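Every number here is computed from the coordinates shown, using simple stated rules; none is lab data. Note that the structure is predicted; figures quoted are calculated from it, not measured. We place every Cβ from the backbone using ideal geometry, glycine too, and count neighbours over all the protein chains shown.
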Amino acid sequence: MNKELELWSEQINAVHLPRWEELPDMDLYKDQVITLIEKYVGNLIEEDKILTPSMINNYVKWKMIPAPNRKKQYNRVHFGYLIAITILKQVMTIQEVKDGILFQANLTGTHRAYNFFCEEQEHALKQAMAMINPSLKDDTRITVIQEDEIALKMAALAFANKTVASKKVKLQQESLKGEV
């Protein structure tokens, strides 16, 4: 296995998305929110702009996240929504992301839905990394998915698989450039 891919897979395998209780419990301004979101998911998404002020404004306008609090400040609820949106929009349409988030939040409540999302995304990433790196054990078992969890679990797996495919293509391109 390519050493760079091996190291990357080990890093991704160790990803921990912050749970509800670990998210900032204070109001922050938009630029601070963007910095923290990039810190939380930046190693999963290889894009220059993971989240921008205009994206946040659009999410508020489209009612994907609540409007900011007084003086344009954002809190834990905003962070949870923005982390989920940032990841899910990599593999789903914005409307699908909105519908899925609203469904899950109405089903179990915002903080439980968010924690479930984090657990499932980490689980999917571990499964994907175990498929490409034999030294990483996947202790997870394939089980029948409950109907109300199908969309979230499949989106998490889709994101994990897309992440691996994108990284492999990038490494192949770099390899080809080195041979020329």
* From the list (1) 16.3, 53; (2) 15.8, 46; (3) 17.1, 56, can you say which value of Rg and Dmax of the Cα atoms in Å was derived from the structure given? -> (3)
* Asked: On a 0 to 90 degree scale, rounded to 10, what angle separates helix 3-13 from the longest Cα axis of the chain?
  -> 30 degrees
* When the chain is modelled as a GNM with alpha-carbon springs shorter than 10 Å, which of Q73, Q146, Q127 fluctuates the most? -> Q146
* Asked: Counting pairs of alpha carbon atoms under 8 Å apart in space and at least six apart in sequence, what relative contact order in percent does the chain give?
  -> 28 percent
* Distance from region 149-179 to region 2-67 (C-alpha centre basis), Å -> 18 Å
* Could you order peptides 103-114, 59-70 by the average number of other Cβ atoms within 10 Å of their residues, highest first? => 103-114, 59-70
* Structure fact -> Stretched fully, the stretch from L107 through Q95 gains (0.36 nm per residue minus C-alpha distance, one decimal, in nm) 2.5 nm
* Starting from the Cα of A165, step 7 Å along the direction of its Cβ; do the same at E149; then give the gap between the two resulting points in nm. => 2.5 nm
* Förster-model FRET efficiency, 30 Å R0, K3 and K49, C-beta, rounded to 0.05 -> 0.55
* Asked: Each label point is 7 Å from the Cα along the Cα-to-Cβ direction; what then is the distance between the points at D25 and K72, in nm?
  -> 2.8 nm
* To do: Using the Karplus curve 6.51 cos²θ - 1.76 cosθ + 1.60 with θ = phi - 60°, work out ³J(HN,Hα) for each residue of region 53-58 in order, rounded to whole Hz, and write x for Gly and Pro.
  => x, 5, 4, 4, 4, 5
